[in-house]
Amino acid sequence: TGWIARIAPMPATGWQVIAARSTSPLQLLSFGWAALAALGTLAIAAALKGWEQRRQIIALRLSQSEKLESMVIERTADLAREVEARSQAEVELRAAQEALIHTEKMAALGRMSAAIVHEISQPLAAMEATLSAAELGVDHSDEVTMTRLGKARGMIRRMQRTTKHLRSFARK
């Protein structure tokens, strides 16, 4: 171990006073202070490290929150697009159903026209044949009868034109 000494001159006597002391307690004290300083430094470093980690955790949570929020916004937009697509599909389906109903009504009208043409054409043809036979057997000088037969024939032809239009409608 070391020693520390102090020399003080005494001028009145000419002597010197030497005071010596062991450095062990001072070394122990300096080691204590060094250990205390090291512990203080470690505590400060640990506090700084803890603060930095806390800052990183907060930043990570904020980042995760922003990512989650963007995912929610994206999913909401996807759902809105899906709802819009389904609404559009529903509108198109209704339009197709209405067109199908209209087409079915037109087909029924066509079948009905064909049935009417069929039922009316035969009696009209029979009436025209009867009128032709009547014209052969009537005196052509009787103008009243000939006029009546001509009017009847005109009405029959008019009805035949109407049935012809109905027949063309039934074909479409």
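Derivation of every value follows stated rules applied to the coordinates shown; laboratory data play no part. Since the model is a prediction, treat every value here as computed from it, not as a measurement. Cβ placement follows ideal geometry from the backbone for every residue including glycine, while neighbour counts extend to all protein chains displayed.
Can you give me the angle between helix 24-137 and the longest principal axis of the chain, using Cα atoms only, in degrees from 0 to 90, rounded to the nearest 10? It works out to around 0 degrees.
For residue 67, the aspartates and glutamates whose Cα comes closer than 18 Å to its Cα, not counting residues fewer than 8 places off in the same chain, are 78.
Take every Cα pair under 8 Å whose residues are at least 6 apart in sequence, average their separation, divide by the length of the chain, and the relative contact order is 16 percent. Rounded to the nearest 500, the 222 nm mean residue ellipticity of the chain from helices alone is -31500 deg cm²/dmol, with -39,500 (n - 2.57) taken per DSSP H run of at least 4 residues. Spin-label model, residue 46 to residue 102: label points 7 Å out along the Cα-to-beta-carbon direction sit 8.4 nm apart.
Taking only the Cα atoms of the chain, the ratio Rg/Rh comes out at 2.07, with Rh defined as the Kirkwood radius.
Could you give the angle, 0 to 90 degrees to the nearest 10, between helix 143-171's Cα long axis and the longest principal axis of the Cα atoms of the chain? Compared with the principal axis, the helix lies near 20 degrees. Among 102, 140, 118, the residue with the largest mean-square fluctuation in a Gaussian network model of the chain, with springs joining Cα atoms closer than 10 Å, is 140. Largest GNM mean-square fluctuation across 44, 18, 58, computed for the chain with C-alpha springs under 10 Å, falls on 18. For the chain, modelled as a GNM whose springs connect Cα atoms under 10 angstrom apart, the maximal fluctuation among 13, 23, 130 occurs at 13.
Across the stretch 91-162, Cα-Cα distances exceeding 16 Å account for 64% of all pairs.
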